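The values are calculated or read from the model by the stated rules, or taken from the named source; none is laboratory data. What you are looking at is a predicted structure, and each value in this text was computed from that prediction instead of being measured. Cβ placement follows ideal geometry from the backbone for every residue including glycine, while neighbour counts extend to all protein chains displayed.
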Amino acid sequence: MGLLENIHEPSDLRSLSMAELKELAGEIRQEMITVVAANGGHLAPNLGVVELTLALHRVFKSPSDKIIWDVGHQTYIHKLITGRKGLFKTLRQYKGLSGFPKRSESEHDFFETGHSSTSISAAVGYAQARDVLKEHHDVVAVIGDGAMTGGMAYEALNYAGQSGMHVIVILNDNEMSIAPNVGAISSYLTRLRTDPRYDKRKSDVEYLLKRIPGIGDKVAKAAEKAKDGLKYLLVPGMWFEELGFTYLGPIDGHDQVMMEQVLEQAKQKRGPVLVHVVTRKGKGYAPAEENPDVFHGVGPFNPETGEVHKRKAPPTYTQVFGETLSALGRENEKIVAITAAMPGGTGLNLFAREFPERFFDVGIAEQHAVTFAAGLAFGGLKPVVAIYSTFYQRAYDQVLHDVCLQGAPVVLAIDRAGVVGDDGPTHHGVFDISFLRAIPNLVFMAPKDENELRHMLHTAVRLDGPVALRYPRSAGQGVSLDPVLKDVPLGKGEVLKEGRDVAILAIGPMAYPSLAAAQELRLKGIDAAVINLRFIQPLDTELVLRFARLTKRLVTVEDHMLSGGMGSAVLEQLADHGLTDVAVERLGYRDYVDQGPIPVLQQNHGLSAKGIMAAAERLLHRGSQAAQGRGGLAIHKLKA
Ligand SMILES: Cc1ncc(C[n+]2csc(CCOP(=O)(O)OP(=O)(O)O)c2C)c(N)n1
């Protein structure tokens, strides 16, 4: 029996010797490789923080001390040693353990994450609450150098540094975001890390100064405090020190003894402390060390060889988007592309390779990406910003205030729109229609398949105002791609099938199960129309009203929340035009959606041929408009 079998809670770690800890680290790495090889997941980030996590849980006493993980994709070790070993095989599976911290899973999970750069704010909140309530415990935020490119991290450092509160920030620096990290802060960290004098510098100078008889001690103290040029030469991490943090590091995050010593030191200090830890992403598994970007978030693979299983599937929407943008870039040299730390994930790596001078990776900085794009547009270029739907949530005001209000001709490419599968509720892209539909002068489209995506992208880069384009995570429909691209008529939906009994209004690839449903309905003698709406804005009101009047029954189908979604837009039009006698069934999500395979999640919410068919039949069996339960309504309890 291995050591890991006997770790049920963090306190079980404290009796282990250094040799045993090393053995345990090996077992943990093996367990993570085995489970992620089967389920997929964030392997490389976790392999890099094994020793760091063990050190944190030996020095700090969770759950009285609070450890808060940024992004939260690196919490597999934390999960394994906080009583979840038995469930680890269900990682990221339907109804299984989440790939991210989850408060309902464990008393050791203090803050739910998935989106980056929140940990310092959350930790500062916890620390502030502790101080107001006069409690005594430590609060630790663990943040990667990639997540440190996100603006929120600086808002929190700014606050914490001035407040003087005792909060510990562990900066886990592996030089990688998903791709190699970018930006001036990243370069600064590299300078700290690679300066050969870093670990000797401070102690040597202090030692020398202290040896000057009589005044040495005082000079050493003065040098410590001095805010002059001398100190910049003497103290690494000066920038953090200037912000009010005590900077400790850089230290080797794989040296268990050193890690624990420095964490003890951080614990004893008062005020804000930043510990700069240097780790290797993918540590201990050669394929992940060699390709940390591939093994950042990886699908199932062969653990012996590291070979990622390839599924036979048509190209993804993302791939088609990337290829089409490169082709458009060849014709129009004003087209530039922007990513927020996801060159591979958004398919923009193709464009980057072909047009490096027209490609910009701004780091995990979605807000900056969008406003930067507005500047580029007014500066005379044609920017295309590709961001996942879930991360566009970060840049809402930038889309509204900086792009749309001023009419900046920016193309907002919204990748991973709809449910995304195993990453779960933090990552599903099911809110973008609601939050973007409220913005007046945004043209907003969604293609039914990868061929239409190409035409829409072609149209989007030719329009002279803001345009958004949403497309899902999955493989395309496998349709053939037209060689010549043409403009999609603005605000015009497409009738895929005429019908008189009921009209199915679909947005995006939901058109396909809608068509399949119509075919099944025909076998039952029901004549269903199918409409590919194409545009969320401007909505093809004329078409919607025509079918509403004709059939008196509408089913709306969207891979999105019902609140404020496409179905809501249709209801608004019916109400505005006095069509109160039309019965409507809206299919979509009512609540936060769990993790699980995309088809399962969609099916659970009626977003399948069968579900759509059932909705149409329900309509035919009832008279006029029936009220639908809202679901997902927050019902809070009053607390004394
Ligand atoms: C707001 C936001 N944008 C993008 C992402 C996608 N993302 C997940 S992890 C990651 C890289 C994080 O790098 P780092 O913090 O250094 O952690 P590492 O994986 O290197 O340990 C990115 C870009 C995200 N989670 N949140």
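Within the range 369-387, the residues that satisfy the criterion of being surrounded by fewer than 19 Cβ atoms within 10 Å (Cβ to Cβ) and in contact (Cβ under 8 Å) with a residue 12 or more places away in the chain are F378, G380, L381.
Just one of the listed residues (N441, N451) is under 22 Å from A373 (Cβ atoms) and either part of a loop (DSSP other than H, G, I, E, B) or not assigned by TED's automatic domain parsing to the domain that holds A614 (or both), namely N441. Counting only residues that are in contact (Cβ under 8 Å) with a residue 60 or more places away in the chain and aliphatic (A, V, I, L, M), the range 328-350 holds 4 of them. For V139, state whether it is within 25 Å of the chain's Cα centre (by Cα), buried (at least 24 other Cβ atoms within 10 Å of the Cβ) and in contact (Cβ under 8 Å) with a residue 60 or more places away in the chain. So V139 fits the description; yes. The residues of the range 181-192 that are in contact (Cβ under 8 Å) with a residue 24 or more places away in the chain and either under 18 Å from A266 (Cβ atoms) or more than 10 Å from the ligand (Cβ to nearest atom) (or both), listed by number, are V182, G183, I185, Y188, L189, L192.
Residue pairs whose Cβ atoms lie under 7 Å apart, separated by 6 or more positions or on different chains, with the first residue in the range 7-19 and assigned by TED's automatic domain parsing to the domain that holds H78 and the second surrounded by fewer than 15 Cβ atoms within 10 Å (Cβ to Cβ), are D12/N6; M18/V257. Taking the listed residues G525, G499, G491, G478, the one that is closer than 19 Å to I433 by Cβ and outside any helix (DSSP H, G or I) is G491, with no other qualifying.
When the test is whether a residue is without any contact (Cβ under 8 Å) to a residue 24 or more places away in the chain and among the β-branched types (V, I, T), V557 does not pass it. Scanning the range 267-296 for residues that are within 11 Å of the ligand (Cβ to nearest atom) and of a type in the set (S, T, N, Q) gives a single hit, T279.
Quick grid of which residues meet (1) without any contact (Cβ under 8 Å) to a residue 12 or more places away in the chain; (2) touching a Phe, Trp or Tyr at 6+ places or on another chain (Cβ under 8 Å); (3) among the hydrophobic types (A, V, I, L, M, F, W, C):
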| residue | (1), (2), (3) |
| --- | --- |
| H254 | no, no, no |
| M259 | no, no, yes |
| Q268 | yes, no, no |
| R280 | no, no, no |
| P287 | no, yes, no |
| G297 | no, no, no |
| Y317 | no, yes, no |
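Reported count of residues in the range 152-179, each being surrounded by fewer than 19 Cβ atoms within 10 Å (Cβ to Cβ) and within 10 Å of the ligand (Cβ to nearest atom), is 1. When D422 is tested against (1) outside any loop (DSSP other than H, G, I, E, B); (2) more than 12 Å from the ligand (Cβ to nearest atom); (3) of a type outside the set (V, I, T), just one condition goes unmet, and that condition is (1).
Which residues, taken from the range 131-151, are within 16 Å of the ligand (Cβ to nearest atom), over 17 Å from E241 (Cα atoms), outside any strand (DSSP E or B) and not charged (D, E, K, R)? Residues satisfying the conditions are G146, A147, T149, G150, G151.
Checked against the criterion of being loosely packed, with under 14 Cβ neighbours inside 10 Å, closer than 28 Å to H137 by Cβ and either more than 28 Å from the chain's Cα centre (by Cα) or at pLDDT below 85 (or both), the range 252-259 has at least one qualifying residue. The set of residues in the range 86-121 that are of a type in the set (A, V, I, L, M, F, W, C) and either without any contact (Cβ under 8 Å) to a residue 60 or more places away in the chain or more than 24 Å from S64 (Cβ to Cβ) (or both) comprises L87, F88, L91, L97, F110, F111, I120.
All of I364, I338 fail the test of being within 16 Å of the ligand (Cβ to nearest atom) and in contact with a strand residue (DSSP E or B) (Cβ under 7 Å, 6 or more places away or on another chain), apart from I338.
Table: residues versus (1) among the hydroxyl-bearing types (S, T, Y); (2) in a helix (DSSP H, G or I).
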{"position": "M32", "(1), (2)": "no, yes"}
{"position": "F100", "(1), (2)": "no, no"}
{"position": "S104", "(1), (2)": "yes, no"}
{"position": "E107", "(1), (2)": "no, no"}
{"position": "S117", "(1), (2)": "yes, no"}
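Listed conditions (1) part of a loop (DSSP other than H, G, I, E, B); (2) more than 18 Å from V593 (Cα to Cα); (3) within 14 Å of the ligand (Cβ to nearest atom) are all met by T82, apart from (3).
Filtering the range 297-308 to residues that are within 13 Å of the ligand (Cβ to nearest atom) and among the small types (G, A, S) leaves only G297. Within the range 387-401, the set of residues being aliphatic (A, V, I, L, M) and more than 12 Å from the ligand (Cβ to nearest atom) comprises V399, L400. Note on the range 34-71: among residues that are in a helix (DSSP H, G or I) and among the small types (G, A, S), the one that is farthest from the ligand (Cβ to nearest atom) is A38. Taking A127, is it part of a helix (DSSP H, G or I), more than 12 Å from the ligand (Cβ to nearest atom), of a type outside the set (D, E) and out of contact with any Phe, Trp or Tyr (no Cβ under 8 Å at 6 or more places or on another chain)? Answer is yes for this residue. Screening the candidates A38, A25, A55 for the property of being of a type in the set (G, A, S) and either under 19 Å from the mean Cα position of the chain (by Cα) or buried (at least 24 other Cβ atoms within 10 Å of the Cβ) (or both) yields one hit, A55.
Within the range 435-449, the only residue that satisfies the criterion of being under 16 Å from F391 (Cβ atoms) and either surrounded by fewer than 24 Cβ atoms within 10 Å (Cβ to Cβ) or out of contact with any strand residue (DSSP E or B) (no Cβ under 8 Å at 6 or more places or on another chain) (or both) is F435.
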